[in-house]
1. I'd like the residue in region 10-32 that is among the polar types (S, T, N, Q) and open to solvent by less than 60 Å² (accessible area, probe 1.4 Å) and, out of all such residues, is farthest from Leu123 (Cα to Cα).
2. When you go through Arg421, Arg448, Arg461 one by one, which is the residue that is more than 10 Å from ligand 1 (Cβ to nearest atom), open to solvent by 10 Å² or more (accessible area, probe 1.4 Å) and more than 30 Å from Phe130 (Cα to Cα)?
3. Just to verify a result, which residue in region 421-446, among those that are within 16 Å of ligand 2 (Cβ to nearest atom) and either outside the structural domain of Tyr288 (by TED's automatic domain parsing) or more than 13 Å from the chain's Cα centre (by Cα) (or both), is nearest to Glu400 (Cα to Cα)?
4. Do we find a residue being of a type in the set (D, E, K, R) and surrounded by fewer than 14 Cβ atoms within 10 Å (Cβ to Cβ) anywhere in region 65-73?
5. Can you find a residue in region 175-184 that is hydroxyl-bearing (Ser, Thr, Tyr), at pLDDT 95 or above, assigned by TED's automatic domain parsing to the domain that holds Glu285 and surrounded by 12 or more Cβ atoms within 10 Å (Cβ to Cβ)?
6. Name the one entry in Glu88, Glu55, Glu95 that is open to solvent by 20 Å² or more (accessible area, probe 1.4 Å), farther than 27 Å from Phe462 by Cα, among the acidic types (Asp, Glu) and touching a residue at least 12 places away in the same chain (Cβ under 8 Å).
7. Just checking, which of Glu385, Glu411, Glu400, Glu407 is of a type in the set (Asp, Glu), open to solvent by 10 Å² or more (accessible area, probe 1.4 Å) and within 19 Å of Ala228 (Cα to Cα)?
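The values are calculated or read from the model by the stated rules, or taken from the named source; none is laboratory data. What you see is a predicted model; the values in this text were computed from it and never measured. Positions of Cβ are generated from backbone atoms using ideal geometry, with glycine treated the same way; all protein chains shown enter the neighbour counts. These accessible areas exclude ligands, DNA and RNA; they are computed on the full protein's heavy atoms, side chains included. Shrake-Rupley method; radii C 1.70, N 1.55, O 1.52, S 1.80 Å.
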Amino acid sequence: MDRIRIKQIIAGARIGQLLVVCGWIRSKRESKGVAFIALSDGSTQDTLQLVVPSESAAFNQLHACSTGAAVRVTGTLRESPGKGQKYELEVSGIEVLGTADPETYPLQKKGHSLEFLRDIGHLRPRTNTFGAVFRVRNVLAGAVHNFFQERDFMWVHTPVITSSDCEGAGDLFTVTSLDLDRLPAGSNGSTDFSRDFFGKRAYLTVSGQLEAEFLAMSLGDVYTFGPAFRAENSNTSRHLSEFWMIEPEMAFADIIDDMKLAEDFIHYLCSKVAAECETEIAFFEKFYKNTSLKALGTLSEKPFVRISYTDAVKELGRAKKKFEYPVEWGLDLQSEHERYLTDTVFRGPVIVVDYPRDIKAFYMRQNPDNRTVAAMDVLLPKVGEIIGGSQREERLDVLEQRMEEMEIPHEHMQWYLDLRRYGSAPHAGFGLGFERLVQYITGMPNIRDVIPCPRAPQLIRF
Ligand code: 4AD
Ligand code: MG
């Protein structure tokens, strides 16, 4: 007989049926000659109550059924007379697939701190919290694809290894097959990367945008959904060294279209999670108190506030709050400023647009005022920046001049400039940090707890 997932059992209509269920034991108790086991199989937040009567042959297996053991059980589903669950499985057979020594099994019934669970990253997905996080993450990943596929965006696969370092030089991981103990010397003491695997220096990508641009400039609307790597030394609750990013890129689109897409995207994702992860969100609401179905419902409809960078700086200048970092036109907004806008002034998501060009990347389209670019950041309460995007500079002369001013060598970028030489057109896109989204939606305080294997400075376990 095929095994059935607990999620399907909870969905109903199987009373009286003989079922096979596999999972891990959460807890076991005995009372008046009957044993009760809570079984989890990861498919849902709910556990299935197993009832093992003393007269059943399965009762003799109970000594091996401690917390953490893996079992395959056969039994008949019935309505549960007890409180706390709708159904229970009256067990006729238990096969213990893998025992778990109760003396050493690290997950006990009592709650564990998130820090402790980070040290047992290989076992934490068995807890309520991490089961819920990864199920929400999965629903969100599916919803990302649905959103774009419904709108005829093509999923494109941009490289993980790249030779372009122009997005934000300084925070890249080098990829090399050179012998690190015997690096070939080049001129003036540097390493000769022409002898490296690719014949030049290569990196892990920080963003698939530049490649997505050329795909958009032939396929129309595209999106990427893949990992990005940043070697910045940021030890915060919002930064990872390896994270997943979704980057749509639209041909024949401007910054207004870009903001609209970003807003529709977040609305859509919130409504999907509210509809499909009710139990998980209710769990997060109860235990972490940073999210709720009601809040997600609001977020899936409420229009985002839009404000120019210039007005945002004025707003911050009027604030009574003392900020650690200065507020002045031309300086980048720090997360304390972003949080003030979302949490105090507007109490909701905010899109800040038209940033000073000198604090933004070379490819962003210059506005007619010659001091700002058509860039936008979407800021969410508590999490801060979740999306960064822009309209791209499609005018060859303006782009070349900007690259010269910023001392970006043209030779690596000929292909990028070609897109402006041959059939150039307005286009725009953005990047959404997937873990920040999962963090926002689940209300988990630390980004390291929304990805199975977090990478951060000095952290690469599991
Ligand atoms: O603002 P960023 O750096 O934008 C880009 O990379 C553009 N090339 C995107 C584009 O226009 N196609 O990064 C985009 C988003 C940020 O808003 C943030 O949510 C997330 O990626 N992000 C990080 N998330 C986790 N850890 C980090 N170290 C992150 N750095 C950026
Ligand atoms: Mg950014």
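1. Keep residues of region 10-32 that are among the polar types (S, T, N, Q), which gives 17, 27, 31.
If we keep only those that are open to solvent by less than 60 Å² (accessible area, probe 1.4 Å) too, we end up with 27, 31.
Values: Ser27: 16, Ser31: 29 Å.
Residue satisfying both the conditions and the ranking: Ser31.
2. The conditions single out Arg421.
3. Here the answer is Ala428.
4. Just the residues of region 65-73 that are of a type in the set (D, E, K, R), to begin with: 72.
Right, trim to surrounded by fewer than 14 Cβ atoms within 10 Å (Cβ to Cβ) and you get none.
No: zero hits.
5. no
6. Glu95
7. Being of a type in the set (Asp, Glu), open to solvent by 10 Å² or more (accessible area, probe 1.4 Å) and within 19 Å of Ala228 (Cα to Cα) holds for just one of Glu385, Glu411, Glu400, Glu407, which is Glu385.
Conditions (1) touching a residue at least 12 places away in the same chain (Cβ under 8 Å); (2) more than 16 Å from ligand 1 (Cβ to nearest atom), marked per residue:
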| position | (1), (2) |
| --- | --- |
| Glu211 | yes, no |
| Ala216 | yes, no |
| Ala228 | yes, no |
| Trp244 | yes, no |
| Lys260 | no, no |
| Ala274 | yes, yes |
| Ile281 | yes, yes |
| Ser292 | no, yes |
| Gly297 | yes, yes |
